[in-house]
Amino acid sequence: MNIPEDKIQEIIQAADIVDVVSKYVRLRKTGINYKGLCPFHNEKTPSFSVNAKKQIFYCFGCHKGGNAIKFLMEYNNLSFFDSVKELAREYGVDLPLRDERGQEEQKKFEEYFDITKATIHYFAENLTKNSANKHILEYLKNRNINDSSIQNFGIGYGGGVRGKLIEFYKKGGFDEKKAIELGFLGVSEGKIYERFVGRLIFPIFSHHGREIGAGGRILEKRTDTGKYINSPESPIYNKSKVLYGLSHSKDEIRKEDFVIVVEGYLDVISLYQHGIKNIAAVSGTALTDDQVKLLSSYTKNFYLLFDSDAAGYKAAMRSIEIVMKHNLNLKIMTLPEGEDPDSFVHKHGAKEFLEYVKNAREFIDYQYLVFERGGYFQNPDKMTEAVKEMLRPVALIPDALKRTLFQKAIAEKFKLREKVLEEDIEKFREKEIETRALELRERPTPQETAVQTARTPVVAKQTIERNPLSAFQLNEIEIIKLMFEGDEKVVRFIFQFIRPEEYTLPIHYGIAEKVFEELESGTIPTVNNLKDHYTLEEQNYILDLVMDKHKISEQLDDLLPSSTEATLSLYTIDAVKKFRLLRIDEMLKEIHKEISNTSDSIRIGELVLDLKTYLDEKQDISRIMDELKTVIG
């Protein structure tokens, strides 16, 4: 889906980044920037910075950065298109699509959302405004679900009379075929029927709050159908990427910095009703890789709460492996047998439930207890099976130190030598690597490529941070920084006197080459379009410079926030002059050194001529630059 570039720039200009970020992060003005605790990783000392002049954010801890569009993408896990749409809507920017085909495709896609939203609203009104369905409200009251929860979660009722939803679709002009795709209608023996008749409805929302599906629960005991039915996979609903309740709880998850993962709709609703809001549900399945990735953007601390039966244990084990693979922190909660979060919190209240949260176990302690209760430790073969089962998720942990500590804990529990366990862990890891390699060969994806890119070490930046900066590098950084001030005259002036290959650091050379290419194609480089032209390493490096991580010159820092075109030009002239003079001085040193080390009179004569040439060039550079400064003012 293409959005005209001028509209993107209009949105960036309209959506003040300090305003956008302040809705999610408490910012405090410090100098030219605003600072706060990074919303993308845990920290106690603020390393997250927002620059109002350049309209960008950057975190020096986790290296996330970009403009207002990028911030919403990262914070709310939106696509680029959805982030642009959200900002356009909020800041009153009209957003036409570039081509008719794109408009048509988007229109069709939006129809699925429109049908789903209308259907969810229909179900909700069926429950709250249809006097014939008062008994359903009474049922919810008996289940201790209050009116506020019914409204907050959009709970509805599928109705007791068949044909009403189909009639609603016809009156509203909705496409029945799309309603079938979405799973609100079904087809049997050539006839269309309503799938959710007689069921309590739990709307399913995307993590940024759009209606994308529903779950339906029968209210009486029946043997001819399942207790729950859910929306099928559709153009707008992928169950492996969705967590029930997350649209309500994501801010609380960030605030509390941990998430409690439960199994069912009513678990979420009842806990939320009791003030425990950092929750999300997998709706009867084990956590998926996509769900873990989504949750990990809000917190790195996971508490899993599954049923205490065999099915619950299997779901927990599958989930443990996925969570540990992402190097997250994990604890397992268990409630008394026969209890689930819904029943427990209504019987015992939030305070007692939070005690169970407080006493949650490390996953290896949970596994150990399950195997102990299962009698695995009475038999050597069974014990071996238990140990291997406990080592499997440990082997998936990317962090070597963390992996070693868990390995040590398991060894101590079973009084085994760590070396023995290490061999098994390595076997598991080798198998995992082979599996991943096979997957990559068979099914390479852009996402996997992006993850691999993200893991590439920023060698040039690390080198600069480890070693003292030379005068050459300090000067080059000033010039690279000036290239991204958004002033075409400044950038053209730089390239008039400095060629990309003259920079001493490879990363500076690479950036300068790309800036020159942009300039030649008619684009002025800015920090808002880095992703289109630069590698991830270069993007992070440029953002580091622009957001003042490398404090090069107090004069530059004082000048740029309120610089006029003239003062910026004067500073650029000084920086370019310094660049040229530093290199001439370096050549003069080399010539003097060679003169002192040679006795060849002919060679000395040649070197003296070179010396005069460079001295003349130095004088010319100083004169030209000083004259330019005089003209400017």
Exercise. Return yes or no: is residue 313 touching a Ser or Thr at 6+ places or on another chain (Cβ under 8 Å) and surrounded by 15 or more Cβ atoms within 10 Å (Cβ to Cβ)?
Key: no
Practice problem: Would you check which residues across region 323-354 are of a type in the set (Lys, Arg) and more than 13 Å from residue 260 (Cα to Cα) and list them? | Solution: 325, 347, 351
Quiz item: Looking only at residues in region 592-607 that are modelled with pLDDT of 85 or more and in a helix (DSSP H, G or I), which one is most open to solvent (accessible area, probe 1.4 Å)?
Solution: 593
Quiz item: Would a scan of region 271-278 turn up a residue that is of a type in the set (A, V, I, L, M), closer than 15 Å to residue 154 by Cα and at pLDDT 95 or above?
Solution: no
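For (1) part of a loop (DSSP other than H, G, I, E, B); (2) free of Cβ contacts under 8 Å to residues at least 40 places away in the same chain; (3) on the phi > 0 side of the Ramachandran plot, each residue gets a yes or a no:
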{"position": "196", "(1), (2), (3)": "yes, no, no"}
{"position": "221", "(1), (2), (3)": "yes, yes, no"}
{"position": "247", "(1), (2), (3)": "no, no, no"}
{"position": "250", "(1), (2), (3)": "no, no, no"}
Exercise. Assess whether residue 580 counts as being buried (at least 19 other Cβ atoms within 10 Å of the Cβ), modelled with pLDDT of 80 or more and not acidic (Asp, Glu).
Key: yes
Self-check item: Selected residue (only one of 402, 358 is loosely packed, with under 14 Cβ neighbours inside 10 Å and of a type in the set (Lys, Arg))
Solution: 358
Quiz item: Is region 325-341 home to any residue that is small (Gly, Ala, Ser) and open to solvent by less than 60 Å² (accessible area, probe 1.4 Å)?
Solution: no
Self-check item: Subset of region 370-389 [within 41 Å of the chain's Cα centre (by Cα) and among the basic types (Lys, Arg)]
Solution: 373, 388
Exercise. Could you list all residues from region 42-62 that are in contact with a Gly (Cβ under 6 Å, 6 or more places away or on another chain) and surrounded by fewer than 21 Cβ atoms within 10 Å (Cβ to Cβ)?
Key: 43, 46, 47
Practice problem: Mind listing just one residue for me: the one in region 252-264 that is part of a loop (DSSP other than H, G, I, E, B) and surrounded by fewer than 21 Cβ atoms within 10 Å (Cβ to Cβ) and, of those, modelled with the lowest pLDDT? | Solution: 257
Quiz item: If you go through region 298-317, how many residues are charged (D, E, K, R) and modelled with pLDDT of 75 or more?
Solution: 2
Self-check item: Scan of region 381-403 for residues that are at pLDDT 90 or above and either on the phi > 0 side of the Ramachandran plot or out of contact with any helix residue (DSSP H, G or I) (no Cβ under 8 Å at 6 or more places or on another chain) (or both), ordered by number
Solution: 381, 384
Exercise. For residue 541, indicate whether it is among the aromatic types (Phe, Trp, Tyr), farther than 23 Å from residue 60 by Cβ and either touching a His at 6+ places or on another chain (Cβ under 6 Å) or crowded, with 21+ Cβ neighbours inside 10 Å (or both).
Key: no
Practice problem: Give the residue that is surrounded by the fewest Cβ atoms within 10 Å (Cβ to Cβ), with candidates limited to residues of region 214-242 that are within 18 Å of residue 290 (Cα to Cα) and in contact with a Phe, Trp or Tyr (Cβ under 6 Å, 6 or more places away or on another chain). | Solution: 235
Quiz prompt | Cross-chain or 6+ apart pairs with Cβ under 8 Å, region 79-99 first and closer than 9 Å to residue 3 by Cβ and modelled with pLDDT under 80, then part of a loop (DSSP other than H, G, I, E, B) and open to solvent by 40 Å² or more (accessible area, probe 1.4 Å) | solution = 97/1; 97/2; 98/2
Practice problem: Scan region 104-125 for residues that are at pLDDT below 80 and touching a Pro at 6+ places or on another chain (Cβ under 8 Å) and report the count. | Solution: 1
Self-check item: helices (runs of 4 or more DSSP H) enclosed by region 63-180 - at least 1 residues per element that are exposed (fewer than 13 other Cβ atoms within 10 Å of the Cβ)
Solution: 80-90, 100-128, 134-142, 147-152, 164-172
Self-check item: Selection from region 6-38 of residues that are part of a loop (DSSP other than H, G, I, E, B) and either open to solvent by less than 20 Å² (accessible area, probe 1.4 Å) or of a type in the set (Phe, Trp, Tyr) (or both)
Solution: 15, 24, 25, 38
Self-check item: Check on residue 433, modelled with pLDDT under 85 and either open to solvent by 60 Å² or more (accessible area, probe 1.4 Å) or within 33 Å of the chain's Cα centre (by Cα) (or both)
Solution: yes
Quiz item: Say we look at region 265-290 and pick out the residues that are of a type in the set (S, T, N, Q) and out of contact with any strand residue (DSSP E or B) (no Cβ under 8 Å at 6 or more places or on another chain); which of these is surrounded by the most Cβ atoms within 10 Å (Cβ to Cβ)?
Solution: 270
Quiz item: Has region 556-568 got at least one residue that is in a helix (DSSP H, G or I), open to solvent by less than 30 Å² (accessible area, probe 1.4 Å), of a type outside the set (Ser, Thr, Tyr) and at pLDDT 75 or above?
Solution: yes
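The values are calculated or read from the model by the stated rules, or taken from the named source; none is laboratory data. From a predicted model like this one, the values you see are computed outputs, not experimental measurements. A quick note on method: Cβ atoms are made from the backbone with ideal geometry, for glycine too, and the neighbour counts reach across all protein chains shown. What goes into the accessible areas is simple: the full protein's heavy atoms, side chains included, and nothing from ligands, DNA or RNA. Shrake-Rupley method; radii C 1.70, N 1.55, O 1.52, S 1.80 Å.
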